[in-house]
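*Asks:* For reference, the structure I am asking about is given below.
All of the numbers you see were taken from the coordinates with simple rules; none came from a lab. None of the values given here were measured: they were computed from a predicted structure. Backbone-built Cβ (ideal geometry, glycine too); neighbour counts: all protein chains shown.
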Amino acid sequence: MAGVGGPGPSRPLPAVRPDLGALEGYHSPQVDVEVRLNTNESPLPPPPAWVEEFRDGLAAIPFHRYPDRSATGLRQALAERHGVAPDQVFCANGSNEVLQCLLLAYGGPGRTAALFEPTYTLHRHIARLTATAVAAGARRGDFRLDLDEVGRVLGAADPVLTFLCSPNNPTGRADAPEEIARVAALAPGLVVVDEAYGQFAPHSALDVVRGGGPDAERTVVVRTFSKTWSMAGVRLGYLVADPDVVRACELVALPYHLDAAKQLAGVLALRHVAEMEARVALVTEERGRVAAALGGLPVETWPSDANFLLFRPTDRPAREVWSELLAASVLVRDCSGWPGLTGCLRVTVGLPDENDRFLAALTASLTGA
Ligand code: PMP
């Protein structure tokens, strides 16, 4: 038996899946700055009452047991909030994992997902991670959906999933209900409306799901606790859809993927709707102020229904402006290398003093004032 289990010649590591070779990860640099306006989080933490209730609830969790696999309480609370049945709600570790479950369940080799760029880059990224082909169409110059292009792409690709993002990250505007209805009428499969910033927008595709109309069964709305609920650190997202879609996602989610602390955090957050709405109101007001100030600077900007603004410096390279903001300890998102966004930066709307710091640094960078 000599040699069995002993040190043998070292073997090279296996190669990763060949289709992953050309993929880059999705990273926003997490540098240490005073004013962090790069990842569209809430500028305020959850309310103190939530922190207290969470702490008390944690002490009562039986941590030696697996959590409730069906997340019964959380789904019940979300269903009540949205006026749907609990079997229409599926929860996961952030809305990115919700998107991943949809793609695992409905995508995969030989299947296609459609999207319209520029849009949230993770739709494309997760599609490729799940070996789902991507059919990408272009938005119009003003970043609205081009319904002729939508018709062309959906007709040619026959996608099982069509992704919309409303309000659209990183361009800001929500798709109009008529536009979403038109896409749903054209789409052969599911229409996934990513509403990570839904509370900032004047309307929601939840009305389609609740409405029971011809497109209700094929419409999926994805939401997150990471933005308006001030809980990016918790990693909790969900979808609202037909119960069959929920069951499909449950097929591909790992057992007990939603830990007990996370389920508690979500249930408790839903008891603080008024504070959430107050945060949304504050950010929305500040968004107006920042947008007005950008209007007086040499930048191109677009209307936003979200908690961020996209802008393009007209006289300076975006990368230089980004670096000068960073030197002033203000971090924004450099989107200038993303498809269709040459020269663009994206700023998250923060607290009034953070927005002042951003505007002062941007003014200095663009005008020398
Ligand atoms: N969808 C969109 C449009 C987003 O902007 C984000 C966050 N950047 C997400 C989904 C993912 O959010 P999370 O996984 O934190 O819920």
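*Asks:* Once all Cα-Cα distances of region 60-271 are split into 5 Å bins that start at 0, what whole-number percent is in each one?
*Replies:* 1, 7, 16, 21, 21, 16, 10, 5, 2, 1, 0, 0
*Asks:* Further question on the same structure: Say R0 is 41 Å: what FRET efficiency, to the nearest 0.05, do Arg152 and Ala49 get from their beta-carbon distance?
*Replies:* 0.20
*Asks:* Another question, if that's okay. What distance in nm separates the two pseudo spin-label positions at Asp68 and Ala369, each 7 Å out from Cα along the beta-carbon direction?
*Replies:* Result: 5.6 nm between the two label points.
*Asks:* OK, next. Arg182 versus Trp338, label points 7 Å from Cα toward the beta carbon: distance in nm?
*Replies:* 2.3
*Asks:* Let's test this: bin the Cα-Cα distances of the chain at 10 Å from zero up to the farthest pair and state each bin's percent.
*Replies:* For the chain, the pair-distance distribution reads 5, 23, 30, 25, 13, 4, 1, 0, 0.
*Asks:* Also, I was wondering about something else. Kindly put Ser42, Ser10 in sequence by how many other C-beta atoms sit within 10 Å of each C-beta, fewest to most.
*Replies:* Ser10, Ser42
*Asks:* Say the dipole of region 60-271 comes from +1 at the beta carbon of Lys and Arg and -1 at that of Asp and Glu; which of Ala114, Gly73, Tyr197 then lies farthest toward its positive end?
*Replies:* The one lying farthest along the dipole's positive direction is Gly73.
*Asks:* Let me ask another. Excluding Ala138 itself, calculate the net charge of residues whose Cβ lies under 9 Å from the Cβ of Ala138, where each Lys or Arg counts +1 and each Asp or Glu counts -1.
*Replies:* Combined, the nearby Lys, Arg, Asp and Glu give -1.
*Asks:* Right, next: Between Asn169 and residues 5 or more places away or on another chain, which pairs have amide H atoms under 5 Å apart, with H built 1.01 Å from N, and which residues are they?
*Replies:* Here Tyr120 satisfy the definition.
*Asks:* What order do you get for Thr224, Thr342 when you list them from fewest to most C-beta neighbours inside 10 Å?
*Replies:* With the fewest neighbours first, Thr224, Thr342 line up as Thr342, Thr224.
*Asks:* Another question, if that's okay. Summing -39500 (n - 2.57) over the DSSP H runs of n ≥ 4 in the chain and dividing by its residue number, what mean residue ellipticity at 222 nm do you reach, to the nearest 500 deg cm²/dmol?
*Replies:* -11500 deg cm²/dmol
*Asks:* Let me ask another. Residue by residue through region 321-330, what is 3J(HN,Hα) from phi via Karplus (6.51 cos²θ - 1.76 cosθ + 1.60, θ = phi - 60°)? Round to whole Hz and write x for glycine and proline.
*Replies:* 5, 4, 5, 5, 4, 4, 4, 8, 6, 10
*Asks:* Tell me, in nm to one decimal, what length is gained between Arg81 and Leu254 on full extension, where the rule is 0.36 nm per residue of separation less the Cα-Cα distance?
*Replies:* Result for the pair: 59.7 nm of gain on full extension.
*Asks:* How far apart, in nanometres, would the label points at Glu217 and Thr314 be if each is projected 7 angstrom from Cα along the Cα-to-Cβ direction?
*Replies:* 5.2
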